[in-house]
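Written out below as structure tokens is the structure these notes cover.
The values are calculated or read from the model by the stated rules, or taken from the named source; none is laboratory data. Keep in mind the model is a prediction, meaning the values are calculated, not measured. Note that each Cβ is placed from the backbone with ideal geometry, even for glycine, and that neighbours are counted across all protein chains shown. The accessibility values were calculated without ligands, DNA or RNA, using every heavy atom of the protein model including side chains. Shrake-Rupley method; radii C 1.70, N 1.55, O 1.52, S 1.80 Å.
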Amino acid sequence: FYRGGDRDNAVKWLFRSGTSAFSTSSYQEALNAFQRALSLVPESYRELPQLHFGAGEALEKLARYDEAREQTELAMAEAKAFNDPETEARALLLLTWIALLKGKRDQARELACEAYKLSEESGNRAILARATMRMADFDEERTYDKQLSYLHRSYKIYNEIKDTNGIAITRLNMGNTAMNFEQYDDAGRYYRESLKAYESLGNQWGIANCLGNLGNVSFALKDYSGSRELHEKSLALSISIGDGEGEVICNLNLGRDASKLTDTQKSLKYYSKALTKAASLGLVPLAL
């Protein structure tokens, strides 16, 4: 289409290509497709906000956070101009996550509240489910049941609209919540359900996350060899897809595994890698 001078169709198929690549965690390939599409479209192009958002999502997964924020802010501004509350809400949710990664919790709370309000106005149930899930991070009532109540609401929506990716991320976050409250049986069950969903989608990021978190369950149950094996698999996958945040977390986990297995030198090596990578990416909470 591009060679034939049909830019509209070229952009349409580049957008589909980028979306498909992102869904299987081929983040650099997704970014290339979105950037190429952006180089072809005029400023009046209706889908311009979605293209900038796609580029922002891919950049966030590649741990290029400043560039991700820039693209996402462009998406948000353009979504307002085009009266596209769905993309605006999605952009706000991504900016919320970037702020959390950078340790800017107050800013993240403001963005999340704005995203939730917009998601209600948009009428898009999938975005409302995602915004509801994010609001759990900011509820002052930090009880297990209260935290899970947000996630159950999200899960119900995703299940009703048959959104497998939404189901997977909700179960993953349920597992994380269970881990925070030391409910290890619940956590293992949620992570296994999430892993099954991500495997059905071919989503390597989700698979890596679930393997790493199942490793944390093994660690909590004092199966340190099992924990190390799962964290090694998660690290290999994270590196293969360019997930810098995942790489930091896996090295932290492997440092903890090695310490429990009384391999002090290897533990220090993993922690050093984690610190260096976290500092280079500006991931302040993980660096600390």
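Here is how the numbers come out for the structure above:
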quantity: Residue among ALA75, ALA30 that alone is of a type in the set (Gly, Ala, Ser) and within 20 Å of ASN124 (Cα to Cα); calculated: ALA75
quantity: Any hit, segment 63-70, residues being open to solvent by 40 Å² or more (accessible area, probe 1.4 Å) and more than 23 Å from LEU101 (Cα to Cα); calculated: no
quantity: Matching residues in segment 243-280 - criterion: being outside any helix (DSSP H, G or I) and surrounded by 19 or more Cβ atoms within 10 Å (Cβ to Cβ); calculated: ASP243
quantity: Meets criteria (open to solvent by less than 70 Å² (accessible area, probe 1.4 Å), free of Cβ contacts under 8 Å to residues at least 40 places away in the same chain, within 19 Å of ARG64 (Cα to Cα) and in a helix (DSSP H, G or I)) for ALA21; calculated: yes
quantity: Residues being in contact with a helix residue (DSSP H, G or I) (Cβ under 6 Å, 6 or more places away or on another chain) and either surrounded by fewer than 19 Cβ atoms within 10 Å (Cβ to Cβ) or touching a residue at least 40 places away in the same chain (Cβ under 8 Å) (or both) - total across segment 103-119; calculated: 4
quantity: GLY54 being outside any helix (DSSP H, G or I), under 20 Å from the mean Cα position of the chain (by Cα) and not aliphatic (A, V, I, L, M); calculated: no
quantity: Residue ID - nearest to the chain's Cα centre (by Cα), chosen from residues in segment 24-42 that are part of a helix (DSSP H, G or I) and within 26 Å of TYR198 (Cα to Cα); calculated: TYR27
quantity: Given (1) open to solvent by 30 Å² or more (accessible area, probe 1.4 Å); (2) aromatic (Phe, Trp, Tyr); (3) part of a helix (DSSP H, G or I), index of the condition TYR45 fails; calculated: (3)
quantity: Close pairs from segment 75-102: first surrounded by fewer than 23 Cβ atoms within 10 Å (Cβ to Cβ), partner modelled with pLDDT under 90, Cβ under 6 Å, at least 6 apart; calculated: PRO85/GLU121; PRO85/SER122; GLU86/SER122
quantity: Single match in GLU232, GLU199 (criterion: free of Cβ contacts under 8 Å to residues at least 24 places away in the same chain, open to solvent by 30 Å² or more (accessible area, probe 1.4 Å) and under 11 Å from CYS250 (Cβ atoms)); calculated: GLU232
quantity: Test result for MET174, in a helix (DSSP H, G or I) and more than 22 Å from ALA55 (Cα to Cα); calculated: yes
quantity: Selection within segment 261-288 - over 20 Å from the mean Cα position of the chain (by Cα) and either closer than 27 Å to GLU67 by Cβ or charged (D, E, K, R) (or both); calculated: ASP263, LYS266, LYS269, SER272, LYS273, LEU275, THR276, LEU288
